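The values are calculated or read from the model by the stated rules, or taken from the named source; none is laboratory data. The structure displayed is predicted, hence computed values, not measured ones. Cβ: placed from backbone, ideal geometry, glycine included. Neighbour counts: every protein chain shown.
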Amino acid sequence: MIKKFLLVMMFAILLGGCGKSSDDARTTNNANTTNAGNRSVSGVARKGAKMPNFSLKTIDGDVIKISDLRGKAVIIDLWATWCAPCKREIPGFINIVRKYSADDVAIIGISMDNRISPSQLKGFAQQMGMNYPVAMLMENRSIMSIFADVRSIPTTYIVDTDGNIVDRVVGMAPQSYFESRIQNILKNRSAKQEV
């Protein structure tokens, strides 16, 4: 079942193009409940909904719980080592991590690669200078249903301090776009704290 899902997903990504970008690709559907393997995962990541709660094992062996990132602006980038637009976005994410406090912003890269090992991905991440956590979707199969509607990469989710998905970017976007979204999220967080 998982192999069939992966084949369909990879075929859809290839058909959709690595870096296809369109405003129409942004979603506004509500979350629903899907089943991932033996355990139920609540929701599919969709703009306007809460980011489903999940844990992720990184290529460094750390475990990240999305719920632990509440209070921060969060960027979740789905990408692959073979995707040229994905690789062109990475330096922007590196710069964002350098520019903003870890108390304010978190970036997570989730690799869609299925033909390389975690150690090969770790080598790629080191070579690129990725200074944020990187995980492999293939090593975190329980979350596949959350990102089941991803048809093209890069696909990047921007999550506010309350865990709401405020944007879903399909295709490559410049660092300035992500920074403007982060700044809006942080400004809204400050306004809430003043009240």
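Listed values, structure above:
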{"item": "Extreme residue, surrounded by the fewest Cβ atoms within 10 Å (Cβ to Cβ), among residues of segment 46-83 that are farther than 23 Å from MET138 by Cβ and among the aliphatic types (A, V, I, L, M)", "result": "ALA49"}
{"item": "Where ARG141 falls short, out of the listed (1) farther than 16 Å from ILE64 by Cα; (2) touching a Gly at 6+ places or on another chain (Cβ under 8 Å)", "result": "(1)"}
{"item": "Any chance SER111 is of a type in the set (Ser, Thr, Tyr) and at pLDDT below 95", "result": "no"}
{"item": "Residue check for ARG141: of a type in the set (D, E, K, R), surrounded by fewer than 17 Cβ atoms within 10 Å (Cβ to Cβ), on the phi < 0 side of the Ramachandran plot and without any contact (Cβ under 8 Å) to a residue 40 or more places away in the chain", "result": "no"}
{"item": "Count of residues meeting criterion [closer than 19 Å to ILE153 by Cβ, part of a loop (DSSP other than H, G, I, E, B) and touching a Pro at 6+ places or on another chain (Cβ under 9 Å)] in segment 51-78", "result": "1"}
{"item": "Matching residues, segment 61-103, being without any contact (Cβ under 8 Å) to a residue 12 or more places away in the chain and β-branched (Val, Ile, Thr)", "result": "VAL63"}
